[in-house]
Structure formats: structure tokens, C-alpha cells
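Visitor: One structure, as C-alpha cells, below. Some questions next.
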Amino acid sequence: MAQARGRGPLRTLADEQLQLGTRPVTITPERRSMWALAWLQFGHTDIRATVVVKRWTADAVGVELEVGEERLRCWVFRAPSSTSKARSPQPCA
């Protein structure tokens, strides 16, 4: 992860992709940890990493991870649901 971090800044979705002013955002309760696998991009380097889910919309997930002493946050697109009903990220046991 540190090698990927050295290849550029953590990229995130643009404001026009997120549309946070017009879409509802669900925020994970502070006392609850939710983890996921996400594709992240540092510069032009893609890496799959375990991340903490902090918030989400119908189309995107706000995630957090630590690289060394640095805490990083970004938004990534949600994977399409295999059912017609949208599902929320599930907490880990």
C-alpha cells in the first residue's frame, strides 16, 4: 500500500459524480465498524484494499484507510447490486 501511495495522491469521485447536495447520505454510526474491499487509485496505480466504510449514497461509498501514519479518505463507486433492490453495506461481525 505504501508503494502505491508513493505513486500519487489518492483519487476520489468528483462533486458532479457524487451529487451530495441532491442525494441522501447514510453515515455509519461511530461505534460500529463496517469493512469492505474497494478498488482505489493512487495517481494512475490501481490497488484493491480493505477499507472502513464511513458513509454511502445509492451510487457511491465514502471510505477511509490508513497508510503508515496517514489517514486517507475518498469516495468510490458502489458495485452494482445483483438484485433490483439497492442494498446498504453490511457490518462485519
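Visitor: Which value, in debye to the nearest 20, describes the size of the charge dipole of the chain about its Cα centre when Lys and Arg Cβ atoms bear +1, Asp and Glu Cβ atoms bear -1, and nothing else is charged?
Guide: I would put it at about 280 debye.
Visitor: Extending each Cα 7 Å along its Cβ direction at A14 and T45, get the distance between those two points in nm, one decimal.
Guide: Distance between the two pseudo-spin positions: 2.5 nm.
Visitor: For the chain, what class follows from the C-alpha gyration tensor (a ≥ b ≥ c being the square roots of its eigenvalues): rounded when a/c is under 1.5, otherwise prolate if a/b is larger than b/c, else oblate?
Guide: Prolate, because a/c is 1.5 or more and a/b exceeds b/c.
Visitor: Further, regarding this structure: What percent do you get for the relative contact order of the chain when only Cα pairs under 8 Å and 6+ apart count?
Guide: Reported relative contact order: 28 percent.
Any read-out appearing in this document is the output of simple, stated calculations on the displayed coordinates, not a laboratory observation. Note that the structure is a prediction, hence the values are computed from the model and not measured. So basically every Cβ, Gly included, is an ideal-geometry build from the backbone, and we count neighbours across all protein chains shown.
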